[in-house]
1. Run the simple label-point estimate for B:Phe480 and B:Lys205 please: 7 Å along Cα→C-beta, distance reported in nm.
2. In nm, to one decimal, how far is the B:Glu237 label point from the B:Asn549 one, both placed 7 Å along Cα→Cβ?
3. Which trypsin sites (Lys or Arg not before Pro) in the stretch A:227-314 pass both tests, a DSSP loop state and at most 12 other beta-carbon atoms within 10 Å?
4. Per DSSP helix of 4 or more residues, -39500 (n - 2.57); summed, then divided by the residues of chain A. What does that give at 222 nm, rounded to the nearest 500?
5. With just the Cα atoms defining each centre, how far is the stretch B:534-600 from the stretch A:369-385? Give it in Å.
6. What are the ³J(HN,Hα) couplings of the stretch A:449-461, residue after residue, when phi is run through the Karplus curve with 6.51, -1.76, 1.60 and θ = phi - 60°? Round to Hz, x for glycine and proline.
7. Would you mind giving the mean number of other chain beta-carbons within 10 Å of the Cβ of each residue in A:472-480, as a whole number?
8. Report the far tail of the P(r) of the stretch A:1-149, meaning the percent of Cα-Cα pairs longer than 28 Å.
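Every number in this text was worked out from the coordinates using simple rules, so none of it is lab data. Owing to the predicted nature of the structure, the values given are computational and were not obtained by experimental measurement. Cβ placement follows ideal geometry from the backbone for every residue including glycine, while neighbour counts extend to all protein chains displayed.
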Protein chains: 2
Amino acid sequence: MSKFVSLRNIRFMIKEVFDSKALTDYDYYCKHNEKMFDMVIDAALKLANKLMYPVLEEMDKNQPVLEDGQVKVHKAVKKIMKEFGQGGWIASGFSEANGGDQIPFIIRGTTSFIFAASNYSACAFPELTSGAAELITSFGSQKLIDTYVPKMLDGEWQGTMALTEPQAGSSLSDITTTAFPDQNGSFKIKGVKTFISAGDHDGAKNIIHLMLARIDNAPAGAKGISLFVVPKKRIDEKGNLIFNDITVATIYHKLGYRGTPAAEISMGEKDDCFGWLVGKENKGLSQMFQMMNGARILVGLASCAIASAAYLAALEYTENRPQGRPVTLKDPLIKQIPIIEHADVKRMLLFQKSIVEGSFSLILQCCMYADLKKVSHGDEKEKYGLLLDLLTPIAKAFPSEYGISSISSAIQCFGGYGYCEDFSVGQYFRDIRIHAIHEGTTGIQGMDLLGRKLVMNNGKAALLFIEEVRLTIRDAIQIFELELFAKELQRAMKQLEKVAGFLFNVAREKGIDVYLSDASLFLEYYGLIVISWQWLIQGIAAQKALSENCSKKDRNFYKGKFFTMNYFFRYELPKTYGLATRLMDNDNLTVNMKTQYFKD
Amino acid sequence: MSKFVSLRNIRFMIKEVFDSKALTDYDYYCKHNEKMFDMVIDAALKLANKLMYPVLEEMDKNQPVLEDGQVKVHKAVKKIMKEFGQGGWIASGFSEANGGDQIPFIIRGTTSFIFAASNYSACAFPELTSGAAELITSFGSQKLIDTYVPKMLDGEWQGTMALTEPQAGSSLSDITTTAFPDQNGSFKIKGVKTFISAGDHDGAKNIIHLMLARIDNAPAGAKGISLFVVPKKRIDEKGNLIFNDITVATIYHKLGYRGTPAAEISMGEKDDCFGWLVGKENKGLSQMFQMMNGARILVGLASCAIASAAYLAALEYTENRPQGRPVTLKDPLIKQIPIIEHADVKRMLLFQKSIVEGSFSLILQCCMYADLKKVSHGDEKEKYGLLLDLLTPIAKAFPSEYGISSISSAIQCFGGYGYCEDFSVGQYFRDIRIHAIHEGTTGIQGMDLLGRKLVMNNGKAALLFIEEVRLTIRDAIQIFELELFAKELQRAMKQLEKVAGFLFNVAREKGIDVYLSDASLFLEYYGLIVISWQWLIQGIAAQKALSENCSKKDRNFYKGKFFTMNYFFRYELPKTYGLATRLMDNDNLTVNMKTQYFKD
């Protein structure tokens, strides 16, 4: 069986780089210990190997179909939902009071990484359910919680996020689905939602949509959006599940992520679709965004998970595929060497490893901030919250964009075989492409970082980030092997301040439209620096281990970490030179470009 | 019907940028005139619209199947082969003596661009046939030519390039297919070839493989490889086509490029497969490479053709999709604007346009050099030949790598809809991915450029290239609007000399393995400068037109050219800063990286 994650790397990350054990010192996590974390991770790996990975290709090849108004998915889905429910995986991050295990985010993130790497389409069903249940738990009435959450956490009912409409994707403020107040506090829902992942399927007994809609006569735009629970089947007076007037208009055939249906659903065609308000009227968007931020981290996590599976497949292949000879030994009578020995192949593998493990590190850093936010108070709580907010767009966009290139490199390692369906790398290339689109496109993430996160609270988050990096540099600079890299990061941080200063000046002098015009590039630029920081953190842990006694096997592992950090600093970070040059150009090119100039 | 190429841009390129008409002053092309070129291009567009584009999705969805030893393809293939044969498209580039029309490479390249943009899988059948027929014509005996070429040019018989074997892809010197001398100058062939595009199908009456094999007891390696014609069906004494002991072992299911079967074929399982030597014994590889160089240009051409179709689809979509409002006008009561008006969308479109039209320009530049080589003599002939050789790896690799990003950007313009199969951009994303692999991977192109082309004839080609760029800069620097860009290219060329000098020093001091270790990055680096040069050439033509009287429509077109040139210089060329930094790093990272460090 192929390997899709490196357990050794996971252990390195949650033990040596991030001290996840230390979380158990806090009251909220005090029932856990390191051994339990290990067991949870082992169990996740076992489940992924048993249930998820074996149907990776099957779920891709046998796409969901819409028959007689019912979406039918691969039969494994029902089993997966059931086992995820019974095994407590859907609820694992929930508080005990809400039926969960209070597993820290960093461990929950790690298990999600394992599941997504084994089969992204399969894991989307329970992950979406978990997110939707969390939203009800956070903002819903006790009655709503009691009605829906237990069955969702059990994996009997599917949860969804129903936001997008045909005319309102990135611009959510334009949604038109309407909720008309009815009796007993319920609402009648009318409208159409599209691209709803797991929006209908026969692997669950009910589908619970967490839906954004506009209460009749609510204010225009974002200020008039509310959140509703709208089930596919509602419960009648006798406690039976009955049709709630939601019909599936169509399901999409997609480039990848094919095991999970994306449905267009229509509510209230017979004026018989009921929904129930979650939280306060007209506060739907901000409530949804609480879940959305977690969802964005999950998207980044899934991206590096899929890229992990592709990288490890490429690694295995290049170790075993003989082709060519060393550049300096061209004698055709000499045996061919495994292609991993060619410098260009090593470069491609280092690129993939640096993206996969660098991104994973950032995701776990975000999880760690989420955990520390959870357990701390006052200024500390604010600090970790701000750092998490700042890094979320990068954690979402960097892995989803660089992950495409990483998997493209994996295909390249396979040569012609990479283009064939005999190996899964082609599927990974298709699967990952969704992540730069859903839960906010890369362009939206760029605007979020530059237009909102960088300037919120008078730039407090950005300053806190600078301080975090300063502490890492302070530690690294004292280690002989890392001094060079610490200084390089220092240089990059100075340049970042210069670039940000330049842009703030642009905002003042030329306006917000020019300021935001290259936001996507700023996001990439910031991302390269953030991932370099994460590699330096990993470098510190690796050098620490190397300076102590370690086995030959471990030594190789830590040396690999050192070389990959090295690679990122010397091949990827230099991209910031070009990006900084561009970002400090003041030609306003894309603002000035007229649409008619595209005409021929 | 969707547009897949811009006819306006084609006209600009072959009339205003490259003076294709001037070729008719040479004897070899004297029977043509500009009007005929226009007619040829119009006819190609008509054919593409009638025959090719309508089956683009169908051919992707209904992949070839292997039934009872016979590969079956979409029924359009037979019709396409027939119309391409009868219409003279397969032979158009051949000399009149060989049954062709002596169409210049630049016009032939343009029609290939149109065909590939409309449906790459479909056009591969006649294109491969054309290349194979050319090889027989160039090196085969008159008898071989008479036996095979007319039926291939007529589109009755399919031609292939049969190089790759399961154990020999990039390392062709390791092929083991063997040719045993038989009677009457024929050979008995034994072996297996894999990934043979159009290697078997029912759209042609015979398949003519141009196959590399090793004559029994030939020297090891590249020096012992010969070229053979090995037909699927051979002609017996009575003139009948009989089974030639070639069987199809399997066909591959691929990520894209699905309309064209990639077959694994087995020769001589019953010891009854005959082949005929083409050209001289043991000269097969260099003979094949004559065709391969043309094939590599075609791969680059097909890449920018597919990216062209994706770009134009994205352009149309962004003009018509309303979403969001200007950054400075967030009032939800204002109507949504077409997304093309958002700066980030314009940036993505400019990126695509700059890659598509910049790459197409380079391809036509190569075609022009091929034409001038054809018609000139002595030093001139050598000069154009060297320039063509030097630029071929870039013309192959740059569009195939940047084309992936370009189409990824097209998907991004479509948002969620780009991930669905309702639009073709997902297919384009899959289709283009083959081009960085077949006919020599990007890694192979990098080695070719840095290890061979840059240093051949004591670096003469590189010096000739510098002179070509100098002449462009000399012209551009006198035009007010272009001065800045001319100087920027001058700066980049100086930096290129510095980088090359550094690398030559590395070769001397550290050896060829370190010198070549970042060859792929050098290729990208060189490519960015070459495409900038092509954009400056286009900028000169556009500014010339703008300085004269032109219609409002034309003015928009030329302004678009100017802005796109501008974009390439200000967003893409700056990437050379990071690449130069990397290339002049002397850490030998990928050479020093040990394979065991990848272990976990």
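1. If labels sit at B:Phe480 and B:Lys205, their model points lie 6.7 nm apart.
2. The modelled label-to-label distance comes out at 7.8 nm.
3. Taking the stretch A:227-314 and a limit of 12 other Cβ atoms within 10 Å, the loop trypsin sites (Lys or Arg not before Pro) found are A:Lys238, A:Lys270, A:Lys280.
4. Values: 19 runs with 311 residues, N = 600.
Result for chain A, helices only: -17500 deg cm²/dmol.
5. Here the two parts' Cα centres lie 44 Å apart.
6. Coupling constants for the stretch A:449-461: 5, 7, x, 10, 5, 5, 10, 5, 6, 6, x, 4, 4 Hz.
7. Mean partner-chain Cβ count within 10 Å for A:472-480: 0.
8. 26
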